[in-house]
Structure formats: structure tokens, C-alpha cells
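Notes follow the structure.
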């Protein structure tokens, strides 16, 4: 049986949402900020698909207890002149991206 990737909930990691980031923030800067509270497993700053520019939010993964300490300490703190929003990440409502929609019409018009 092939090895299966263990998701964050299976290995005691918590995914943290970090919002209102300065657009100049780097993954290393965010890692250093959170590392004050424990080992940082990963950092992901979200970029706009079309422009490639940062969207002002990202995610950090840490051990549960360390993540709770980081959330408590960093939520509402200033970074680069912006007040951070830091909380446990939640699943997106509606199951993620839309289906793309459209449809409902044939490519060729039929005459009946």
C-alpha cells in the first residue's frame, strides 16, 4: 500500500490565517515573526493569479500549542503600519472555487 500524506490535523499542526499583511511582507519575515512562539512548519503568502502581486494575506502552519500562543500574541499587532488579523484558518465555505458556470446552451443553434 503506498504511503499516504498526513494532513495537518493528523500530525498536530494548526493552520493559521494571517490577514492584513503589508504587500511588501516576505515569507522569511512572516516566518521570523511566528518563530518567536515556536517552530514554523510552513509559510504561504497568497499572490493574485493574474498579476502575481501579494493579496495581503497568507497562512502559517505550526504545532497546536505554539500556534495558539502565536495567535494570542500577534492578532491585532502592527506590522509595517498595518494591524494584523491572526486566527485559526477555517475551511472555505462552499467547497472552494466555483465550477466555472456557463453552459446551458448548445454551441450550435438548433432549428426544430
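Which whole number in µm²/s is D for region 10-91 by Stokes-Einstein, with the Kirkwood Rh taken over Cα pairs at 25 °C and 0.890 mPa s? Taking Rh from Cα pairs, D becomes 194 µm²/s. Protection proxy ranking, highest mean first, for peptides 65-75, 23-33, 44-54: 65-75, 23-33, 44-54, where packing is the per-residue count of other beta-carbon atoms within 10 Å, averaged.
On the basis of the beta-carbon distance and an R0 of 25 Å, residue 27 and residue 93 show a calculated FRET efficiency of 0.40.
Every read-out reported here was derived from the displayed coordinates using simple, explicitly stated rules and does not represent laboratory data. Computed from a prediction, not measured in an experiment: that's the story for all the values here. Counting neighbours? That spans all protein chains shown, and the Cβs are built from the backbone with ideal geometry, glycine included.
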